[in-house]
Amino acid sequence: MGTEAKEKPESHPMNGGDDSKSYAQNSSYQKGVIEAAKAEVLLAIKEKLDFKTDWPRTFVIADYGCSTGPNTFFAMQNIVEAVELKNKSLQKPPIVDFHVFFNDLVDNDFNTLFKSLPSARNYFAAAVPGSFYERLFPKASLHLANSSYALHWLSKVPEEVRDQNSLAWNKSRTYCSGTNKEVTGAYFAQFRKDLNRFLNARAEELVGGGLLVIQLPGVPSGALPFNTGAGFLQELLGPCLFEMADLGFISHEKVYSFNLPMYFPSIEELNLVIKGNGHFTAEKIKILNHPMQQLLFDAKMTCLQFRSIFEGFIKDHFEIDIVDQLFDLYAKKLEESCSIFDQEIRKDVDLFVLLKRVLEHHHHHH
């Protein structure tokens, strides 16, 4: 374990349980990302996974930021099937067992996750609670690590964006819109630091040649988050919060200090961080075709999705329960801006990232 002080990431779990406001019921977009990545995962394992003859008969997989399901199960199933397929094509002792570890922060609703674990599954399941910014597994014990829609969450909001005396103060905005260079710089610096910590920890856990598969939302080269659908949804939260403050429900001060801890990188920025990290080769970074990009915009569904993700975060910050009123207001504003959303702002991209653990050369010291 490193000796540096452990920075505990802020924890804002997705809504637990399985009711109409739960993340489990409102994560169809994230499921679409996993479906879109399925063919890529198959290809990645077929072309890039080199079975080493000395590998044990158990193939070990971990999913970082698994949340409450059911998406993590689709992702794990896709990986296991792809490895089985590859294994069948090789003339060598077969892998006999698959062991899947589901990871998320300690206050994730693991009960919901395990209640919905598919009974017909071809892997053994276990949970590993803890922050994925530190090591969670023994050295060189994983063959494949996966993270879907988790790494755009920052471990915290950069301090400067809340500081009214800083050039990077984010004023009345509540997210990283990309329209202010200093704000973006502060957010990117935090993203870079977090991703580095993630990659360093995975580098310890993965065997040499092991694969790291990541899906996360990003921005197209040269576009700003402000121009994407996701950015637009975050942009809308600001006016709603200020309206609530004007009505006296919350203090303006609290709204000014509210920012979402998310960053949507471009492919160039990802490449920069991965190269700088040095533990992995970038085998592929590409934009996925998301099946839901073609759907008509549904304000009600979108509002529920947004709420299932951010509700906990909003409650924690304002320390009083304003979410029902807030999201009534949000839904109204969303209805009003449907047309803008459909025409202007469909620049969202979902990125597929395939990394391979660099084989280290052992130096013998006499």
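Descriptive notes on the structure:
- In the condition set (1) touching an Asp or Glu at 6+ places or on another chain (Cβ under 7 Å); (2) assigned to a loop (DSSP other than H, G, I, E, B), CYS176 is compliant with all but (1).
- Counting residues in region 184-199 that are open to solvent by 20 Å² or more (accessible area, probe 1.4 Å), within 30 Å of GLU360 (Cβ to Cβ) and among the polar types (S, T, N, Q) gives one or more.
- Among the residues listed as PHE232, PHE249, the single one being open to solvent by 10 Å² or more (accessible area, probe 1.4 Å), hydrophobic (A, V, I, L, M, F, W, C) and over 16 Å from ARG173 (Cα atoms): PHE249
- Residues that are within 24 Å of GLY208 (Cα to Cα) and touching a helix residue (DSSP H, G or I) at 6+ places or on another chain (Cβ under 9 Å) occur at least once in region 113-125.
- Qualifying residue in region 38-47 (condition: open to solvent by less than 60 Å² (accessible area, probe 1.4 Å), assigned to a helix (DSSP H, G or I) and among the basic types (Lys, Arg)): no
- Region 88-110, residues that are surrounded by 24 or more Cβ atoms within 10 Å (Cβ to Cβ) and of a type in the set (A, V, I, L, M, F, W, C): VAL100, PHE102
- Positions within region 344-366 being under 21 Å from GLY229 (Cβ atoms) and at pLDDT 80 or above, in sequence order: VAL349, ASP350, LEU351, PHE352, VAL353
- Meets criteria (more than 17 Å from the chain's Cα centre (by Cα) and within 23 Å of HIS317 (Cα to Cα)) for SER177: yes
Let's see how each residue does on (1) in a helix (DSSP H, G or I); (2) more than 21 Å from TYR133 (Cα to Cα):
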position	(1), (2)
PHE191	yes, no
LEU199	yes, no
ALA203	yes, no
VAL213	no, no
LEU216	no, no
GLY222	no, yes
LEU233	yes, yes
GLY238	yes, yes
GLY276	yes, no
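- Unique match (being among the aliphatic types (A, V, I, L, M), open to solvent by less than 60 Å² (accessible area, probe 1.4 Å) and either on the phi > 0 side of the Ramachandran plot or part of a helix (DSSP H, G or I) (or both)) among LEU113, LEU144, LEU136, LEU151: LEU113
- For region 265-281, the criterion of being under 25 Å from CYS338 (Cα atoms) and either among the aliphatic types (A, V, I, L, M) or at pLDDT below 95 (or both) is satisfied by no residue at all.
- Taken as a whole, the structure places GLU160 among residues that are open to solvent by 10 Å² or more (accessible area, probe 1.4 Å), over 30 Å from PRO138 (Cα atoms) and part of a helix (DSSP H, G or I).
- Residue in region 76-87 that is loosely packed, with under 14 Cβ neighbours inside 10 Å and either on the phi > 0 side of the Ramachandran plot or over 18 Å from the mean Cα position of the chain (by Cα) (or both) present: yes
- Candidates PHE327, PHE341: the one that is assigned to a helix (DSSP H, G or I), open to solvent by less than 50 Å² (accessible area, probe 1.4 Å) and either closer than 19 Å to PRO217 by Cβ or modelled with pLDDT under 80 (or both) is PHE341.
- Hey, ASP63 over 21 Å from GLY312 (Cα atoms), in contact (Cβ under 8 Å) with a residue 60 or more places away in the chain, among the acidic types (Asp, Glu) and open to solvent by less than 60 Å² (accessible area, probe 1.4 Å) or not: yes
The values are calculated or read from the model by the stated rules, or taken from the named source; none is laboratory data. Nothing here was measured: the structure is a model prediction, and the numbers come from that model. So basically every Cβ, Gly included, is an ideal-geometry build from the backbone, and we count neighbours across all protein chains shown. The protein model used for the area step is the full one, side chains on, heavy atoms only, and it has no ligands, DNA or RNA in it. Shrake-Rupley method; radii C 1.70, N 1.55, O 1.52, S 1.80 Å.
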